[in-house]
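Asker: Input: one structure, supplied below.
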Amino acid sequence: SQTIHQWPATLVQPVGSPLSLECTVEGTSNPNLYWYRQAAGRGLQLLFYSVGIGQISSEVPQNLSASRPQDRQFILSSKKLLLSDSGFYLCAWSWTSGNEQFFGPGTRLTVL
Amino acid sequence: AQSVTQLDSQVPVFEEAPVELRCNYSSSVSVYLFWYVQYPNQGLQLLLKYLSGSTLVESINGFEAEFNKSQTSFHLRKPSVHISDTAEYFCAVRGTYKYIFGTGTRLKVLA
């Protein structure tokens, strides 16, 4: 069976500090991968998606970036965090020709 | 372009009462529709999906949704809710690579 991991589960960072959130998927190969952000009381905002190693599509221009160094690893980064980067970050995967997405447990990021 | 509209941001309902959470979509291509549930501080879990075939789909915990092409709707229903159904519910439609989510409906079940 497939599982998706995210870490850390919670993170408190000062404004201007760097960020690295990691997501890994087990039990499948060549998945489509996604990063979403969920701000308090709001829906899901798609940040990035990837259909293969090194292939990243950005949905929202901002101070975040994503990388996919390995087939089942997806990393969300920032060089300098802003207060507005606070939120709940969700990683998800789907099969290349699949239907539904499967979500990770999320990372709660608080920028102070 | 595809889009999903969930008009109700919050729905309070008493325990054991029926509930309907509304979802309308816009799509010019074949439609794949989903309902996800999110409990506090957790990821989203798939509740049910419509891919093709029967327009009425059911989940294992008593929810059902009906795909209505003429009304472009995929409303979620449960005949009798429980306290444990309190959560946020998201409707979504699948695009080529992306999934478009509604803004969510917070279901609050009252004792």
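Asker: Of everything in the stretch B:78-110, what is of a type in the set (D, E, K, R) and either more than 11 Å from chain A (Cβ to nearest Cβ) or in a strand (DSSP E or B) (or both)? Give them in sequence order. Give the steps one after another, and end with the answer.
Answerer: Restricting attention to the stretch B:78-110, the residues satisfying the condition of being of a type in the set (D, E, K, R) are B:78, B:85, B:88, B:94, B:98, B:106, B:108.
Within the stretch B:78-110, B:Lys78, B:Asp85, B:Glu88, B:Arg94, B:Arg106, B:Lys108 qualify.
Results for (1) open to solvent by 40 Å² or more (accessible area, probe 1.4 Å); (2) touching a residue at least 40 places away in the same chain (Cβ under 8 Å); (3) assigned to a strand (DSSP E or B), shown as yes or no for each residue.
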position	(1), (2), (3)
A:His5	yes, yes, yes
A:Glu22	yes, yes, yes
A:Val25	no, yes, yes
A:Ser29	yes, yes, no
A:Arg37	no, yes, yes
A:Val60	no, no, no
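Asker: Determine, yes or no, whether B:Phe14 is more than 29 Å from A:Trp35 (Cβ to Cβ) and aromatic (Phe, Trp, Tyr). Write out each step before concluding.
Answerer: Working: more than 29 Å from A:Trp35 (Cβ to Cβ): yes; aromatic (Phe, Trp, Tyr): yes.
Yes; evaluated as a whole, the condition is true for this residue.
Asker: I would also like to ask the following. Looking at the stretch B:84-98, I want the residues that are farther than 21 Å from B:Ser9 by Cα and have a partner that is part of a strand (DSSP E or B) with Cβ atoms under 7 Å, at least 6 apart or on another chain. Which pairs are those?
Answerer: Hits for this filter: B:Tyr97/A:Asn32; B:Tyr97/A:Tyr49; B:Tyr97/A:Val51; B:Lys98/A:Leu46; B:Lys98/A:Tyr49.
Asker: In the stretch A:60-68, is there at least one residue being of a type in the set (Val, Ile, Thr) and in contact with a helix residue (DSSP H, G or I) (Cβ under 9 Å, 6 or more places away or on another chain)? Lay out the reasoning, then the answer.
Answerer: First, the residues of the stretch A:60-68 that are of a type in the set (Val, Ile, Thr): A:60.
Filter again for in contact with a helix residue (DSSP H, G or I) (Cβ under 9 Å, 6 or more places away or on another chain), leaving none.
No, every residue in the stretch A:60-68 fails to be of a type in the set (Val, Ile, Thr) and in contact with a helix residue (DSSP H, G or I) (Cβ under 9 Å, 6 or more places away or on another chain).
Asker: In the stretch B:31-85, how many residues are open to solvent by less than 60 Å² (accessible area, probe 1.4 Å), among the aliphatic types (A, V, I, L, M) and over 29 Å from A:Trp35 (Cβ atoms)?
Answerer: So the answer is 1.
Asker: Quick test of your reading of the structure: B:Tyr25 fulfils all but one of (1) touching a Ser or Thr at 6+ places or on another chain (Cβ under 7 Å); (2) open to solvent by less than 60 Å² (accessible area, probe 1.4 Å); (3) within 14 Å of another protein chain (Cβ to nearest Cβ). Name the failing condition by number.
Answerer: Going through the list (1) touching a Ser or Thr at 6+ places or on another chain (Cβ under 7 Å); (2) open to solvent by less than 60 Å² (accessible area, probe 1.4 Å); (3) within 14 Å of another protein chain (Cβ to nearest Cβ), B:Tyr25 breaks only (3).
Asker: If you check every pair at least six apart or on different chains, which have Cβ atoms under 6 Å apart with a residue in the stretch B:30-58 that is within 24 Å of A:Tyr89 (Cα to Cα) first and a residue that is polar (S, T, N, Q) and buried (at least 16 other Cβ atoms within 10 Å of the Cβ) second?
Answerer: Listed by first residue and then by second, the contacts come to B:Leu44/B:Gln38; B:Leu47/B:Ser59; B:Leu48/B:Ser59.
Asker: Still on this structure, I have one more. Going by the structure shown, is A:Pro69 within 13 Å of chain B (Cβ to nearest Cβ) and more than 10 Å from the chain's Cα centre (by Cα)?
Answerer: Working: within 13 Å of chain B (Cβ to nearest Cβ): no; more than 10 Å from the chain's Cα centre (by Cα): yes.
For A:Pro69, the condition - within 13 Å of chain B (Cβ to nearest Cβ) and more than 10 Å from the chain's Cα centre (by Cα) - is not met.
Asker: May I pose another question? In this structure, does A:Arg42 turn out to be out of contact with any Leu (no Cβ under 9 Å at 6 or more places or on another chain), open to solvent by 60 Å² or more (accessible area, probe 1.4 Å) and of a type in the set (Lys, Arg)? Lay out the reasoning, then the answer.
Answerer: Values: out of contact with any Leu (no Cβ under 9 Å at 6 or more places or on another chain): yes; open to solvent by 60 Å² or more (accessible area, probe 1.4 Å): yes; of a type in the set (Lys, Arg): yes.
When the stated conditions are applied, A:Arg42 passes them.
Asker: Looking for whichever is touching a residue at least 60 places away in the same chain (Cβ under 8 Å) and crowded, with 19+ Cβ neighbours inside 10 Å here; the options are A:Tyr89, A:Tyr49. Which one fits? Steps first, please.
Answerer: Details: A:Tyr49 fails: touching a residue at least 60 places away in the same chain (Cβ under 8 Å).
Selected residue: A:Tyr89, the only one of A:Tyr89, A:Tyr49 that is touching a residue at least 60 places away in the same chain (Cβ under 8 Å) and crowded, with 19+ Cβ neighbours inside 10 Å.
The values are calculated or read from the model by the stated rules, or taken from the named source; none is laboratory data. Computed from a predicted model, the values in this text were never measured in an experiment. All Cβ positions, even for glycine, are placed from backbone atoms using ideal geometry, and neighbour counts span all protein chains on display. Each accessible area value is taken on the protein alone, full model and side chains, heavy atoms only, with ligands, DNA and RNA left out. Shrake-Rupley method; radii C 1.70, N 1.55, O 1.52, S 1.80 Å.
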